[in-house]
Amino acid sequence: MRKRTCLLAAALLTSGLTPLALASPATAAAAKYADDFNGDGYRDLAVGDRGAKVGDHWNAGAVVVIWGTSRGLDPARRTVVTQNSPGIAGTSESNDYFGTDITTADLNQDGYGDVIVTAIGETHDGRSGAFTVLWGSRSGLTRGSSYMNPLYPDRSFAKDISVGDFNADGRPDVVAVDSENILYMRGPFTTSGSRGKVTDFDPRGGEEITPETVVAGKVTKDGTADFAVLGSEWDTAVGAFKDTVWFYKGGSGAPKRTKTVKLPSSTTLVSSGAAIADFDRNGYGDLAIGAERAGTGGAVYVLPGTSTGPSSSVRTITQATSGVPGTPEDGDGFGGDVSAGDTNGDGYADLAVGTPGEIIAAATSSADTGVSVMAGGPPPRMSAGGVTVLRGGTSGLTGRNARTYDYNTAGVEGEPGERATLGHSVSLRDYTRDGRAELVAAAPSANRLHLLPGTSSGPTGTGSKMLTLTSLGLTSLTNFWAELAD
């Protein structure tokens, strides 16, 4: 499963139950926050849970929404949406994996943020894979429209999706990748399920590409949303697939592919994450790619933005980079997910980097391993995981002042020796509206979600919250494999 972050605001290119009542209705204009689903002016948290059990159906999937308030997120106010929910297209079935990936955007420009949810296991009339738009409203997410592969019914669909107004017509579009193609789906998208024309943007026009991830944001300074597709294509010169970034510049009429960048040979983009943000505040959006399987222990690749798109001069950051905590080891997964936001209010976007395979202590007990520990032998070491925050600045992303958060961090609940895979999915968003993004990090192997407050020096474990199905009163879902919204 891949992960990626979409960042569109000019400064950072991001922000960043019973539905909450509104002080006043939202107007018929684009939502201020793409993740304000009921129009009350506060960001809400949508979490995909592809492993959720719905009735008797295992891995049917769900979306859990925690509603925002003037004090930030309130876990006591929550909603669960499944394909069995009234008004939502489809039916919950085993192995639908509804909630594999989620993205937020005001897709129909009605003033309410919407949630776009993928279900990679969905099947209907011979088609495989779908995405559903959960439409925001004053009452919350009460309606949903489903979309399947419009051109190739024999191929999987909605492997990854991203949203932006890529043709500058004022109506958001969707880019969706399947196993071989890049599908550009024009707006307008409506609550009735209609959409605009679909075009295949496959750069090779055949079977020689494998798209993995798509990420949207403003890379150039023209003010129009762009997108980049990450994947691999056949390189005839070396007789092998080569990991590649295809950049599509947004503009009037339709986006156009203007750049192709090859990544270092040690890269593999399976399960990659990506984010676009202006880390050095020069006005161009920089592309940050998390490649957890690259080299020894994973890497983050930074492609600085230019007037024509991401630069081909790739900066590599690993746990061996000066200032970055830790040591590269096989299986660390540094770059398992990435998310951008200003964590300390200095005006520069920072990058949260998940390291879900990080080992920080021996197993707490044999119960944590699922196997018995041999008498006299050392206890096995488990993937507790962690999250590293890289700081933005005048030089862009570097290891300077980087900090790691894990189960050794004061205030963060959990044991260093347990298998949790903390950092499998990460998000930076300012839910308290104080100018400092909170860090949200999933630990799916322990069925947890952690919320760390933002401060003037960055996220802190002090005052952090750990959410579980038990604390949320949602034990019927059985699994909490939290995937955070892009």
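The values are calculated or read from the model by the stated rules, or taken from the named source; none is laboratory data. Values in this document were obtained by computation on a predicted structure and should not be read as measured data. Reconstructed Cβ throughout: ideal geometry from the backbone, glycine too, with neighbour counts over all protein chains shown. Heavy atoms of the whole protein, side chains included, go into the accessibility calculation; ligands, DNA and RNA do not. Shrake-Rupley method; radii C 1.70, N 1.55, O 1.52, S 1.80 Å.
The table below lists the values:
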| read-out | value |
| --- | --- |
| Condition met for Tyr405 (aromatic (Phe, Trp, Tyr) and more than 16 Å from Leu45 (Cα to Cα)) | yes |
| Residue within the range 166-181 that is open to solvent by 10 Å² or more (accessible area, probe 1.4 Å) and within 19 Å of Thr82 (Cα to Cα) present | no |
| The range 74-125: number of residues that are surrounded by fewer than 21 Cβ atoms within 10 Å (Cβ to Cβ) and either touching a Pro at 6+ places or on another chain (Cβ under 6 Å) or assigned to a strand (DSSP E or B) (or both) | 10 |
| Filtered residues of the range 299-313 (kept if in a loop (DSSP other than H, G, I, E, B) and surrounded by 19 or more Cβ atoms within 10 Å (Cβ to Cβ)) | Pro304 |
| Residues of the range 388-408 classified as crowded, with 21+ Cβ neighbours inside 10 Å, within 14 Å of Leu452 (Cβ to Cβ) and touching a Lys or Arg at 6+ places or on another chain (Cβ under 9 Å), total | 2 |
